[in-house]
Amino acid sequence: IYTGAVCARIAGRVAAEAVLDGDTTRMRLLEYEKKWRKLIGRELSIGFKIHRWFSGLDDRKLDQLIESLNDPEIIRVIENFGDMDKPSILFRELISLPKAKVAGLLFSLMKNF
């Protein structure tokens, strides 16, 4: 929903400006592509990579990963910063945890590759 709303707002602005300027050429309308990619392209790419990685885990590996997240401090960070539309924020916060927790979490993630 978030992605659709953001892109709809950009599309509306680009289309309205193009019509008002009398320039609805392909080149002018490509402005939409550039703007949405600049605004949310990185987050979409990160989210897609995470989704693809999780989809490849079997039940045993997924259970191990979830178990490694069962730490009060990690759960607090996930609750406060977890956002499916902005996954980079969660990762930034997770890596700011104490080094031992980050190392344990990274070890668990790498073990599941």
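The values are calculated or read from the model by the stated rules, or taken from the named source; none is laboratory data. Everything quoted here is computed from the prediction, not taken from an experiment. Note: ideal-geometry Cβ built from the backbone for every residue, glycine included; neighbour counts use all protein chains shown. In case anyone asks, the SASA skips ligands and DNA or RNA and just uses the protein heavy atoms, side chains included. Shrake-Rupley method; radii C 1.70, N 1.55, O 1.52, S 1.80 Å.
Summed over region 63-86, the residues that are under 16 Å from Leu106 (Cβ atoms), open to solvent by less than 60 Å² (accessible area, probe 1.4 Å) and either out of contact with any Leu (no Cβ under 8 Å at 6 or more places or on another chain) or not in a helix (DSSP H, G or I) (or both) give a count of 2. Could you go through region 51-62 and let me know if any residue there is open to solvent by less than 60 Å² (accessible area, probe 1.4 Å), in a helix (DSSP H, G or I) and within 21 Å of Ile40 (Cα to Cα). Checking region 51-62: at least one residue is open to solvent by less than 60 Å² (accessible area, probe 1.4 Å), in a helix (DSSP H, G or I) and within 21 Å of Ile40 (Cα to Cα). Looking only at residues of region 92-113 that are within 21 Å of Arg42 (Cα to Cα) and exposed (fewer than 14 other Cβ atoms within 10 Å of the Cβ), we find that the one that is modelled with the lowest pLDDT is Ile95. Just a yes or no: is a residue in region 32-42 hydroxyl-bearing (Ser, Thr, Tyr), in contact (Cβ under 8 Å) with a residue 40 or more places away in the chain, surrounded by 14 or more Cβ atoms within 10 Å (Cβ to Cβ) and in a helix (DSSP H, G or I)? Checking region 32-42: not a single residue is hydroxyl-bearing (Ser, Thr, Tyr), in contact (Cβ under 8 Å) with a residue 40 or more places away in the chain, surrounded by 14 or more Cβ atoms within 10 Å (Cβ to Cβ) and in a helix (DSSP H, G or I).
Which one of these is exposed (fewer than 13 other Cβ atoms within 10 Å of the Cβ), out of contact with any Gly (no Cβ under 6 Å at 6 or more places or on another chain) and either over 30 Å from Gly104 (Cβ atoms) or touching a residue at least 12 places away in the same chain (Cβ under 8 Å) (or both): Ala11, Ala18, Ala5?
So the residue among Ala11, Ala18, Ala5 that is exposed (fewer than 13 other Cβ atoms within 10 Å of the Cβ), out of contact with any Gly (no Cβ under 6 Å at 6 or more places or on another chain) and either over 30 Å from Gly104 (Cβ atoms) or touching a residue at least 12 places away in the same chain (Cβ under 8 Å) (or both) is Ala5.
Using the structure shown, decide if Leu20 is part of a helix (DSSP H, G or I) and either under 21 Å from Leu90 (Cα atoms) or among the polar types (S, T, N, Q) (or both). The answer is no for Leu20.
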